[in-house]
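Before any comments, here is the structure.
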């Protein structure tokens, strides 16, 4: 457990940057990578941006609430609720890959189709949900937010932590995974439904894994 001491903004930024390039990537990539491979979007940086935006929003909200409620939030942060929310969102994302597009064999990704708004929500919600899973660094930052006594400062610390955490190589991973999925679909068009279903099953398995 990180000791509860006031943090400067520069320390919060450094903690976020350090976490982003270490444990955070290992936790995020299985969820986010499965979604990218399953969707194979024409512009993989778009779901990557939504995923990172969701994380920044969630961390800012957590920081603000921690400052407003003090240590009361930490009991909820370290409890089962964060994992339950992540499992639920991962399950929904996986089911969307498994079920969408079955009518008439229509492809799910609809590459280049601007009207496919439904594909925007899973990466945003996954980014928000994965931010609710506690880790020692996050608990330490939220404890420091609770010591500020200012909701605005808590929001600022949370948003800064989320932004610097988002500097992890998620965009690069999204580009590589998107190109990999695109190459597989180009070389083996008949493989596309199996890639999508495999990614959907992976997200469902990730949702169930902590509870089995």
- prompt: Any idea how many residues of the range 164-202 are outside any helix (DSSP H, G or I) and touching a helix residue (DSSP H, G or I) at 6+ places or on another chain (Cβ under 7 Å)?
  reply: 4
- prompt: Is it the case that the range 74-81 has a residue that's in a helix (DSSP H, G or I) and either closer than 20 Å to residue 160 by Cα or at pLDDT 85 or above (or both)?
  reply: yes
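Condition test on residue 159, is it under 16 Å from residue 38 (Cβ atoms), touching a helix residue (DSSP H, G or I) at 6+ places or on another chain (Cβ under 8 Å) and crowded, with 17+ Cβ neighbours inside 10 Å? Lay out the reasoning, then the answer.
Details: under 16 Å from residue 38 (Cβ atoms): no; touching a helix residue (DSSP H, G or I) at 6+ places or on another chain (Cβ under 8 Å): yes; crowded, with 17+ Cβ neighbours inside 10 Å: yes.
Answer is no for this residue.
The values are calculated or read from the model by the stated rules, or taken from the named source; none is laboratory data. Quantities reported herein were computed from a predicted structural model and do not represent experimental measurements. Cβ: placed from backbone, ideal geometry, glycine included. Neighbour counts: every protein chain shown.
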